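Colleague: Have a look at the structure that comes next, please.
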Amino acid sequence: MKDTVLDIPAIELKGIRKTFTLSEDRDAKTVLALDGVDLKIRQGEFLTIIGPSGCGKTTLLRIIASLILPDEGEVIVEGEPVREPGIKRAMVFQTFGLFPWKSVIDNVIFPLMVRKFDAAEAREIAMKHIRQVGLDKFVDAYPHQLSGGMQQRVGLARALSTGADILLMDEPFGAIDAQTRELMQEELMKICQQEQKTVVFITHDLDEAVLLADRVLLMSRGPGRVREVIDVDLPRPRFDYDVRGHETFVKVRAHLWHELRNDLVEQRAEETS
Amino acid sequence: MIDKLIRPSVFLPLVSLVVVFGGWEIVGRSINPLLFAPPSEVLRQFGELLQTGELQDAAMVTVRALFLGYFLAVVVGIPFGILMGAWTRFGDILQPYLYAIFATPRVVLVPLIVVWFGIGFEARLFLVFFWSMIAISVNTAQGVRHARPDLVEVARSFQATRLQMARHVLIPGAIPFVVSGLRIGAERAIVGVIIGEMFLQIVGLGGVITKGSQELLPAKMLCAVAVIAVLGTIIVTALDTVEKRFQDWKGAP
Ligand SMILES: Nc1ncnc2c1ncn2[C@@H]1O[C@H](COP(=O)(O)OP(=O)(O)OP(=O)(O)O)[C@@H](O)[C@H]1O
Ligand SMILES: [Mg+2]
């Protein structure tokens, strides 16, 4: 399936730097969140990003989504530099980001309605993706009536309904219980394979990072840089064999943990010295 | 029947009513009738005022200025507040003045209104409109500004325009603030109309109170007060209904 990958990367990052100022004072403290990130993400690729807390993962994803602009550097989506959110990229948010005053269907329709789709057509598209995530029975429910897992399915259906080739997901399953999470990982892999999505997926969970990824991007503790990009050479579909017992899985996971641990140990040493 | 009466939820309010009105009757009868009136006297006065039509006429005068003024305040105040909240620079420019007006005792404005609008219907209308409009727009603006940043970001990521942002994120999120603005506005509208009727032109229910005090008829004053209380209750109940209607997505608690 993934041999249809074209020459143009889905996303290309060139020298991304980002500094945050902590207040409006002139001599306020600044935080260097990203210090020169270069990266090419192939079309149809599933890239997971892992790294210590505060290393700039969310910042990087928001820059890819053009929700914030980098101080330096460029984001290029399918060959074109971008500076504003666009139709080719759709976000899935850690805290779901559902409008509490809209029903499931209205939440999923939102991106289509914003783009002035014909109402009947929009509804049809939205229903298709609501069915795809298995929520047909809850079309008219409100978010507060759904469990966390179900809410994130709505978030996923909403992102899918945009028709975007690129899904940007910031710890989407972070707030979901472990068993539901496994189920949703499986479903996400199925959907992404069927629809040839390019996915950038942030996670704190080593297993999740390896399980889902074609490549894992390991970021170094702030200021955020690319520390290493690791290929995960595991056959797909990955849910019909014991992928966690696979030699490659174990090796990649151990390597990632080793690197992450070093980073944390160094950080502790610096903090206590 | 007896069982029902013995239940605390029925029994206690009944006792309270009997004690309060009984006490009032006893105290009322023992005090100089020029200063205070027992319930029986208030009831008699009420019947008399209804018969002469004085109370109905007064209530109509009050209701006209109150409802028209409040209606205008809502129609102007909510869009104005949304504009102030969504267009921050506009809000920043106006904010200090609005807060100053909001915090100034409303009575100090009365002489100015006399100069600008005279003492008639327009003056009362303006009093009602202005005070409740300020409260409604300040609250609405605050609600719009308190929009959840995560939802603003969601809408932005799907490329919502400013108008769509207002329609689907800012305004629904601001509704609890708007409703509380409507409540404060209603309270200010009632006070405004009564002040106008007591101190500008002696008309309406406020006028009945003023006349009652000049004629040394406390029962008459109390009749007007009762009608004003009923008016207030009607408005507050209506607002409760509006609030429920807009928040039905929250479902039953
Ligand atoms: N809006 C902001 N204003 C100021 N500083 C910010 C802002 N956003 C992020 N930062 C800082 O930038 C750094 C990177 O933050 P970011 O949220 O990208 O980290 P993260 O890797 O996503 O962390 P986590 O794993 O905890 O989600 C942090 O030091 C954070 O304090
Ligand atoms: Mg983060």
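The values are calculated or read from the model by the stated rules, or taken from the named source; none is laboratory data. Note that this is a predicted model, so its numbers are computed, not measured. Neighbour counts run over all protein chains shown; Cβ positions are idealised from the backbone, glycine included. Each accessible area value is taken on the protein alone, full model and side chains, heavy atoms only, with ligands, DNA and RNA left out. Shrake-Rupley method; radii C 1.70, N 1.55, O 1.52, S 1.80 Å.
Colleague: Relative to the longest principal axis of the C-alpha atoms of chain B, give the angle of the C-alpha long axis of helix B:204-214, reported between 0 and 90° and rounded to the nearest 10°.
Modeller: 40 degrees
Colleague: Rounded to the nearest 20 debye, what is the charge dipole size of the stretch B:15-155 about its Cα centre when +1 sits on each Lys and Arg Cβ and -1 on each Asp and Glu Cβ?
Modeller: Here the size comes out at about 220 debye.
Colleague: Let me know the longest stretch in chain A that avoids all trypsin sites (Lys or Arg not before Pro) found in a DSSP loop with at most 12 other C-beta atoms within 10 Å.
Modeller: A:117-273
Colleague: Now, a different point. Which of these, B:VAL225, B:VAL61, B:VAL27, has the largest mean-square fluctuation under a Gaussian network model of chain B (Cα springs below 10 Å)?
Modeller: The residue that fluctuates most here is B:VAL27.
Colleague: If a paramagnetic tag sat 7 Å from the Cα of A:HIS204 along the Cα-Cβ line, which residues of the stretch A:169-190 would have the backbone N under 20 Å from that point?
Modeller: Output list for this probe position: A:169-185.
Colleague: Within the set of other residues whose C-beta is less than 12 Å from the C-beta of B:PHE46, count the net charge using Lys and Arg as +1 and Asp and Glu as -1.
Modeller: So the environment of B:PHE46 carries a net charge of -1.
Colleague: Could you compute the FRET efficiency for B:SER30 and A:ASP27, with r as their C-beta to C-beta distance and R0 at 60 Å, rounded to 0.05?
Modeller: Computed FRET efficiency for B:SER30 and A:ASP27 comes out at 0.20.
Colleague: Let me ask you something else. Hey, if you drop one equal point scatterer on each alpha-carbon of the stretch B:132-219 and run the Debye formula without solvent, what base-10 log of I(q)/I(0) do you get at q = 0.15, 0.23, 0.24 Å⁻¹?
Modeller: These q points yield log10 I(q)/I(0) values of -0.65, -0.98, -1.02.
Colleague: I would also like to ask the following. Please state the relative contact order of the stretch B:60-246 as a whole percent: Cα pairs under 8 Å, 6+ residues apart?
Modeller: Rounded, it is 26 percent for the stretch B:60-246.
Colleague: Another question, then. Can you compute the charge dipole magnitude of the stretch B:60-246 about its Cα centre, using +1 on each Lys and Arg Cβ and -1 on each Asp and Glu Cβ, nothing else charged? Give it in debye, rounded to the nearest 20.
Modeller: 240 debye
Colleague: May I pose another question? Tell me, what is the percent relative contact order of the stretch B:175-219, built from C-alpha pairs under 8 Å that lie six or more residues apart?
Modeller: It rounds to 20 percent for the stretch B:175-219.
Colleague: What net charge do the residues around A:GLU74 carry, taking every other residue with its C-beta under 14 Å from that of A:GLU74, with Lys and Arg at +1 and Asp and Glu at -1?
Modeller: Summing Lys and Arg as +1 and Asp and Glu as -1 gives -2.
Colleague: Moving to a separate point now. Given N residues in the stretch A:142-273, what is its alpha carbon radius of gyration divided by 2.2 N^0.38 Å?
Modeller: 1.17
Colleague: Also, quick follow-up: Tell me the angle of helix B:54-86 to the major Cα principal axis of chain B, expressed in degrees between 0 and 90 and rounded to the nearest ten.
Modeller: 20 degrees
Colleague: I would also like to ask the following. In Å, what Kirkwood hydrodynamic radius results for the stretch B:60-246 from the alpha-carbon pair distances?
Modeller: That comes to 17.7 Å for the stretch B:60-246.
Colleague: Normalised by the empirical 2.2 N^0.38 Å for globular proteins, what value does the Cα Rg of the protein assembly as shown take?
Modeller: This ratio for the protein assembly as shown stands at 1.37.
Colleague: For the stretch B:60-246, with the dipole built from +1 on Lys and Arg beta-carbon atoms and -1 on Asp and Glu ones, taken about the Cα centre, which of B:LEU112, B:ALA141, B:LEU182 lies farthest toward the positive end?
Modeller: Looking along the dipole axis, the top candidate is B:ALA141.
Colleague: Only helical DSSP H runs with n ≥ 4 go in: add -39500 (n - 2.57) per run for the protein assembly as shown, normalise by residue count and round the 222 nm mean residue ellipticity to 500 deg cm²/dmol.
Modeller: Computed ellipticity for the protein assembly as shown at 222 nm equals -19000 deg cm²/dmol.
Colleague: For chain A, report the translational diffusion coefficient in µm²/s to the nearest whole number, using Stokes-Einstein at 37 °C, 0.692 mPa s, and a Kirkwood Rh over Cα pairs.
Modeller: Approximately 167 µm²/s, per Stokes-Einstein.
Colleague: Now for a separate question. Give me D for the stretch B:34-141 in µm² s⁻¹, whole number, from Stokes-Einstein with Rh from the Kirkwood sum over alpha-carbon pairs, 10 °C and 1.306 mPa s.
Modeller: Answer, rounded: 97 µm²/s.
Colleague: Let me check I've understood the local charge: for A:LEU260, count other residues with C-beta under 14 angstrom from its C-beta, Lys and Arg +1, Asp and Glu -1. What total comes out?
Modeller: After counting each charged neighbour, the total is -1.
Colleague: A further question follows. Report which residues of the stretch A:107-121 become buried by 50 Å² or more of accessible surface when going from the isolated chain to the complete set of protein chains (1.4 Å probe; DNA, RNA and ligands ignored).
Modeller: Listed in order, they are A:PHE110, A:VAL114.
Colleague: With angles folded into 0 to 90 degrees, how steeply does helix B:8-30 sit against the dominant principal axis of chain B? Use alpha carbons for both and round to 10.
Modeller: With rounding to tens, the tilt is 50 degrees.
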